[in-house]
Amino acid sequence: MGVGMAVTRMLAVAGLALALAGCGDADRRGGSLTLIGQSVAALAKSARGDTPVSRITASNAALNAAEVNLLLVRTETTGSRAGFALDSVNGDAMTWRSTDGVSVVTRGGQLNGTAGFGFDLSSAALPAFRPGGTVTRTHYRLRGDEVVAPETFTCVQSLGPAEAITVTGRRFATQKLVETCRSAERDGIENAYWIDASGVVRKSRQWASPGIGYLVLEDVHGGLR
């Protein structure tokens with residue numbers, strides 16, 4: 001079964017009809033994705049406070065069997081949840097997207113940017129994981145004057161408990177890392193990362209922006225291919 005047919009069948013089960021142009025490597029990584037019906041844009045609309053909520057109804061088995069790597073994204077404030085396909089890889093930057101204008105960029109499992117949500121995180125300067133240490137992260141976002149401006153956070157990283165988590169029905173032994181951050185504008189920001197034995201950030205809860213709030217990310221296929 002080609003990539004196009006496999007992913008179309010998987011997302012059709014989810015109520016998201018997906019058309020893929022061709023079945024080569026460019027489509028595995030480059031995305032040529034066209035969403036028909038209930039769009040992933042519903043996730044962005046709900047993040048802006050609108051009514052529509054995107055839901056994934058595909059079975060765990062169907063999600064796990066997808067030939068395109070998937071990232072499940074939930075906006076914590078609304079509970080809206082959608083699947084994003086891996087579109088491109090540039091060094092350690094991974095872009096997950098739908099062609100209706102919603103995308104998420106991660107680096108080493110950390111959130112590096114969003115687009116299409118509204119009130120987006122334009123980019124970020126990300127710290128290394130240093131449990132027990134103090135690190136700096138800088139988020140860049142568009143302000144009211146249409147200028148992309150930085151917000152710099154001072155963060156304390158600490159190890160949480162070892163936890164077993166489940167992603168799409170698969171159980172992973174993980175080590176939780178907690179990052180507590182404050183900036184001149186806000187404090188009480190807490191990011192959490194569940195890192196499995198292979199070093200993959202299998203699940204995370206990360207602050208995106210004041211308009212979006214926290215995103216919960218689940219990596220379905222990282223390190224398992």
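The values are calculated or read from the model by the stated rules, or taken from the named source; none is laboratory data. If you're wondering where the values come from, they're calculated on a predicted model, not measured in any experiment. So basically every Cβ, Gly included, is an ideal-geometry build from the backbone, and we count neighbours across all protein chains shown. When the accessible area is computed, the model is the full protein with side chains, heavy atoms only, and any ligands, DNA or RNA have been set aside. Shrake-Rupley method; radii C 1.70, N 1.55, O 1.52, S 1.80 Å.
Brief remarks on what is shown
- Take the conditions (1) touching a strand residue (DSSP E or B) at 6+ places or on another chain (Cβ under 6 Å); (2) at pLDDT 95 or above; (3) surrounded by fewer than 14 Cβ atoms within 10 Å (Cβ to Cβ); ARG143 misses just one of them, which is (2).
- Residues that are surrounded by fewer than 13 Cβ atoms within 10 Å (Cβ to Cβ) and more than 27 Å from ASN69 (Cα to Cα), drawn from segment 160-174: PRO161
- VAL178 vs. criteria of a type outside the set (Lys, Arg) and within 26 Å of THR78 (Cα to Cα): yes
- Any hit, segment 149-168, residues being over 18 Å from LEU111 (Cα atoms) and touching a helix residue (DSSP H, G or I) at 6+ places or on another chain (Cβ under 8 Å): yes
- Any hit, segment 190-206, residues being out of contact with any His (no Cβ under 9 Å at 6 or more places or on another chain), touching a residue at least 60 places away in the same chain (Cβ under 8 Å), farther than 15 Å from VAL73 by Cβ and hydrophobic (A, V, I, L, M, F, W, C): yes
- Residues in segment 89-122 that are part of a strand (DSSP E or B) and without any contact (Cβ under 8 Å) to a residue 24 or more places away in the chain: ASN90, ALA93, MET94, THR95, SER103, VAL105, ARG107, ASN112, GLY113, ALA115.
- Restricting attention to segment 64-86, the residues being over 23 Å from GLN206 (Cα atoms) and aliphatic (A, V, I, L, M) number 3.
- Selected residue [open to solvent by less than 60 Å² (accessible area, probe 1.4 Å), under 21 Å from LEU217 (Cα atoms) and of a type outside the set (Ser, Thr, Tyr)] from ALA149, ALA115: ALA115
- Test for THR166: is it part of a strand (DSSP E or B) and in contact (Cβ under 8 Å) with a residue 60 or more places away in the chain: no
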